[in-house]
Amino acid sequence: AQSVTQLGSHVSVSEGALVLLRCNYSSSVPPYLFWYVQYPNQGLQLLLKYTTGATLVKGINGFEAEFKKSETSFHLTKPSAHMSDAAEYFCAVGRGSGGSNYKLTFGKGTLLTVNP
Amino acid sequence: NAGVTQTPKFQVLKTGQSMTLQCAQDMNHNSMYWYRQDPGMGLRLIYYSASEGTTDKGEVPNGYNVSRLNKREFSLRLESAAPSQTSVYFCASTQQGAGNTIYFGEGSWLTVV
């Protein structure tokens, strides 16, 4: 069974500082990995995803994540935080072989606060 | 292009009342999902429908029923609402296939008193 652990329910950074949000997964098969962002009172928006190929994945708004199989990790980074990055971030693993049983399992989320 | 549309956006129910959350997508997706979001719990899958005419239980199906009315619409029904069902509900959809992006609606805030 797949599962996702996000380390740190709340991360606080200063504007311009590095953003690092941690995600570890467990999966019995090669995983499909996702990061979603949720702004207050809104739905979830895809930031980036890893399916196959290059392990460093670039997403929207300057975010990127690296799939490290040996560490079972998919950490999200951004070199320089902006006030508009304040939101909740969810890591997810896609499970199922496709076809009739494909679905996402989510971590519990990390709330990112950006201080001026 | 509306994407995934949910109604209502806000609802207050009394314990024991019933209601249906409606969801429609205009992306011609095969698969649709209902998740609930609770503080500190992330999103948990209630039910999903891989294709028109099929539905399956997710992680937390108790107290809910679903109907895949057609390819576009997937409704979630609470037959006898309980305070434990106070939550934010998200409908989502995707084109069938492992690794495909799942697209979410804006959410429905439900309070059961």
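The values are calculated or read from the model by the stated rules, or taken from the named source; none is laboratory data. The structure presented is a predicted model; accordingly, all values stated were derived computationally and were not measured. Note that each Cβ is placed from the backbone with ideal geometry, even for glycine, and that neighbours are counted across all protein chains shown. Areas reflect the complete protein model, heavy atoms only, side chains present, ligands, DNA and RNA absent. Shrake-Rupley method; radii C 1.70, N 1.55, O 1.52, S 1.80 Å.
Some values worked out for this structure:
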read-out: Scattering curve values for chain B, log₁₀ I(q)/I(0), Debye with Cα scatterers, q = 0.22, 0.24 Å⁻¹; value: -1.23, -1.44
read-out: Chain B: relative contact order as a whole-number percent, Cα under 8 Å and 6+ apart; value: 35 percent
read-out: Between A and B, accessible area buried - total, square angstrom, nearest 100, 1.4 angstrom probe; value: 1900 Å²
read-out: Stokes-Einstein D in µm²/s, Kirkwood radius over Cα pairs - the protein assembly as shown at 37 °C with 0.692 mPa s viscosity; value: 182 µm²/s
read-out: List of region B:31-75 residues, accessible area with partners at least 10 Å² below that of the chain alone (1.4 Å probe); value: B:33, B:35, B:37, B:40, B:41, B:42, B:43, B:45, B:48, B:50
read-out: Per-residue mean of C-beta atoms belonging to partner chains within 10 Å, peptide A:106-113; value: 3
read-out: Cα gyration tensor of region A:26-72 - equivalent ellipsoid semi-axes, whole Å, descending; value: 22, 13, 8
read-out: Relative pair counts by distance (%), Cα atoms of region A:1-100, 10 Å bins; value: 15, 49, 29, 6, 0
read-out: Simple Cβ-charge dipole of chain A, Lys/Arg +1 and Asp/Glu -1, about Cα centre, in debye nearest 20; value: 360 debye
read-out: Rounded accessible area per residue of the protein assembly as shown, 1.4 Å, Å²; value: 45 Å²
read-out: Surface share of carbon and sulfur [accessible, 1.4 angstrom probe, percent] for chain A; value: 52 percent
